[in-house]
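Asks: The structure that follows is given in the form of structure tokens.
The values are calculated or read from the model by the stated rules, or taken from the named source; none is laboratory data. Keep in mind that this is a model prediction, so the values were computed, not measured. Counting neighbours? That spans all protein chains shown, and the Cβs are built from the backbone with ideal geometry, glycine included. The accessibility values were calculated without ligands, DNA or RNA, using every heavy atom of the protein model including side chains. Shrake-Rupley method; radii C 1.70, N 1.55, O 1.52, S 1.80 Å.
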Amino acid sequence: MAEAEGEDAASTSSQEDRQLLAEVRAEAEGRPEVVKHKNLDDFLTLGRYTLFFLFNTEMMTLTSLICANPIIRSCGEVVFENQKDACRQLPNLTTTTGCVPQLEYQFYSVNVEFNYLCQEEKLVKNSISVQMLGVLFGAVIFGQVSDSYGRKFTILISLFGIAVTSLMNAYVPSFFYFYWIRILVGFFTGGLSTSMGVYQVENIPMKHRMWISTVITWSPNFIIFPIIAYYCHDWRTLLKANAICAILSAVCISFIYESPRFLIQKGRVEEARRIFAKIRKIDRNSDYNPQELEAMLVHEQENHEKRVKKQRQYTYYHIICTWEMISWTCTLAIGIAITSLTNYGLMFNMEKLSGSLYWNNVFMGIIRWTMNIAVGLSDYKLPWFGRKVINMMALVFNGFCLACVCVLYYTGTQNDGGWVLRYCTIGATAMCSQLYLSKFMACNELYPTSVRNLAVAVLAMFSRIGTIVAPQLFYLSDISAVLPYLALLAFTLFDAFLFQVFIPETKGTPLPDNLPPKEQRLFYREKKRRVSLITEAI
């Protein structure tokens, strides 16, 4: 990393960079003076650099692992009617006869290799919850690192961490070591997911923000990843493939630049100026006025110098420093937890659906990406099609699907209506993609640059809380098969109410750069009131 930074510093001081900067300043001097300063969003264009940037961010999302339960067909001469019959007889058969269970599986998962069957399957499900604790802590810690040291630096650390820990995990001798090393993989994955979303939003033009976020996302990889898993066939080979993808992503991202918005916020205006000059050269054509860019950078530098005099470290307090921001944070956090609870709860039980495990995942990926593209185009073409419309549309769809599943299980017709159960489950899981998009996009557009990554980190943390609880939620099926789906339906309705009431429409708004004035902050006003009372008393 130190060598990479040294090479970058050397390149930015090269003769070519100085010549580029001289051209920009010379062109700016020949233009009439501009009084009104434009926003940074006005200088982000959809050019060659942005397309290369988006290709790299898509590669970064290709990390995952399949966990699938096998079907127990027989043990010795005893053939089982179904899984419940197998789990009832298997402990006694293996003890008395020493028979080896004959398994049928589509993917050679951890469950198959370490012989985790029946009740032991819950240990693997429980391990997912513990692994997600690593993701949760990674999201919180790397959110602070990203806001302090940069988006690119944090992403590189996360990718190298994923590569190393995935390779370590591919060679573990037992489930015990797999369990603990997988927590480390989750830790770095949490850092990647937290920083990547902010890095992407800060580098794309405002009017293209939503449709790009719907196309460049995890959804295409739900199509690609099952294909990779099919040819890998076993979990150890799949982990090695994950590590290779992470290393390739790290190599690619080393060729793109730090977020200019982050650099300006940190007062590193000269670095931002050099990056804009390089991007302009890569794009070969830019519509912005160089003098306007220079005026904006100078204006931002002056603002930074003013802020330095009273500079302080931003913490999680600053995303809840007003009543309005408290309502935003609570609503988005609860909503994203419910989304993850729905998404992963259904996904972790997808092997129970009829049909191929691979094709079910591919089909889900096709639906997710198709819906993403449709939503992206609608957002781009229709002014009224904003974040709140997308969120409500997805929640209504999911509510309908969950209601259908509830009816099937309540009436005991889930076997006869297997195709309804299959497509409602896949459809609801796929539509969760729109909920993630609308909530994270609203988060990025609501919070100022100085605390944006902290806000995203909080959402990522609550997303992982939902993921942690998801495997446990379906243990309610031991009481009644309909209970997990009924709970998800109730949570979905609650999410719809909160989002519509407390979150404003953010489509088309420039990304805010500054926190509310101190006079509007809760504890500052209380402190000021006490000082006033003391002064009056004196």
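Asks: Can you name the residue in the range 94-120 that is over 22 Å from CYS232 (Cα atoms), out of contact with any Cys (no Cβ under 8 Å at 6 or more places or on another chain) and assigned to a helix (DSSP H, G or I) and is also modelled with the lowest pLDDT among such residues?
Replies: Of everything passing the filter in the range 94-120, GLU120 is modelled with the lowest pLDDT.
Asks: Given LYS152, LYS207, which one is surrounded by fewer than 24 Cβ atoms within 10 Å (Cβ to Cβ), basic (Lys, Arg), within 18 Å of the chain's Cα centre (by Cα) and assigned to a helix (DSSP H, G or I)?
Replies: Only one candidate qualifies: LYS152.
Asks: Report every pair of residues separated by at least 6 positions or lying on different chains whose Cβ atoms are under 7 Å apart, first residue within the range 464-483 and under 14 Å from SER340 (Cα atoms), second outside any helix (DSSP H, G or I) and open to solvent by less than 30 Å² (accessible area, probe 1.4 Å).
Replies: PHE474/ASN349
Asks: Just to verify a result, which residue in the range 167-194, among those that are under 20 Å from ASN126 (Cα atoms) and either touching a Cys at 6+ places or on another chain (Cβ under 9 Å) or polar (S, T, N, Q) (or both), is surrounded by the most Cβ atoms within 10 Å (Cβ to Cβ)?
Replies: THR189
Asks: With respect to GLU302, is the statement that it is at pLDDT 70 or above, assigned to a helix (DSSP H, G or I), open to solvent by 50 Å² or more (accessible area, probe 1.4 Å) and of a type in the set (D, E, K, R) true?
Replies: yes
Asks: Being among the polar types (S, T, N, Q) and in contact with a Leu (Cβ under 8 Å, 6 or more places away or on another chain) is the filter here; which residues of the range 115-153 pass it?
Replies: Across the range 115-153, the qualifying residue is only GLN144.
Asks: Further, regarding this structure: For PHE142, which of the numbered conditions (1) aromatic (Phe, Trp, Tyr); (2) at pLDDT below 85; (3) under 30 Å from SER254 (Cβ atoms) fails to hold?
Replies: All conditions pass for PHE142, except number (2).
Asks: Let me ask something additional. Pick out the one residue from VAL215, VAL251 that is within 18 Å of the chain's Cα centre (by Cα), more than 26 Å from VAL130 (Cα to Cα), among the hydrophobic types (A, V, I, L, M, F, W, C) and surrounded by fewer than 20 Cβ atoms within 10 Å (Cβ to Cβ).
Replies: It is VAL215.
Asks: Could I ask something else about it? Is it true that some residue in the range 424-438 is open to solvent by 60 Å² or more (accessible area, probe 1.4 Å), in contact (Cβ under 8 Å) with a residue 40 or more places away in the chain and within 30 Å of GLN265 (Cα to Cα)?
Replies: no
Asks: Additional query: With respect to ALA460, determine if the residue is of a type in the set (A, V, I, L, M, F, W, C), open to solvent by less than 20 Å² (accessible area, probe 1.4 Å) and more than 18 Å from CYS401 (Cα to Cα).
Replies: So ALA460 fits the description; yes.
Asks: In the range 474-488, what residues are in a helix (DSSP H, G or I) and either surrounded by fewer than 22 Cβ atoms within 10 Å (Cβ to Cβ) or touching a Phe, Trp or Tyr at 6+ places or on another chain (Cβ under 8 Å) (or both)?
Replies: PHE474, TYR475, LEU476, SER477, ASP478, LEU483, PRO484, TYR485, LEU486, ALA487
Asks: Would you say ALA246 is closer than 30 Å to MET168 by Cβ, at pLDDT 80 or above and among the aliphatic types (A, V, I, L, M)?
Replies: Criteria met by ALA246.
Asks: Check whether at least one residue in the range 221-239 is under 26 Å from LEU435 (Cα atoms), open to solvent by less than 10 Å² (accessible area, probe 1.4 Å) and either free of Cβ contacts under 8 Å to residues at least 60 places away in the same chain or of a type in the set (A, V, I, L, M, F, W, C) (or both), and report yes or no.
Replies: Within the range 221-239 (the criterion being under 26 Å from LEU435 (Cα atoms), open to solvent by less than 10 Å² (accessible area, probe 1.4 Å) and either free of Cβ contacts under 8 Å to residues at least 60 places away in the same chain or of a type in the set (A, V, I, L, M, F, W, C) (or both)), the answer is no, since none of the residues qualifies.
Asks: Follow-up. If you go through the range 264-273 one residue at a time, how many are within 16 Å of TYR149 (Cβ to Cβ), surrounded by 21 or more Cβ atoms within 10 Å (Cβ to Cβ) and either at pLDDT 85 or above or not hydrophobic (A, V, I, L, M, F, W, C) (or both)?
Replies: Residues that pass the stated criteria total 1.
Asks: Give the residue that is farthest from LEU476 (Cα to Cα), with candidates limited to residues of the range 388-406 that are among the β-branched types (Val, Ile, Thr) and crowded, with 16+ Cβ neighbours inside 10 Å.
Replies: My answer is VAL389.
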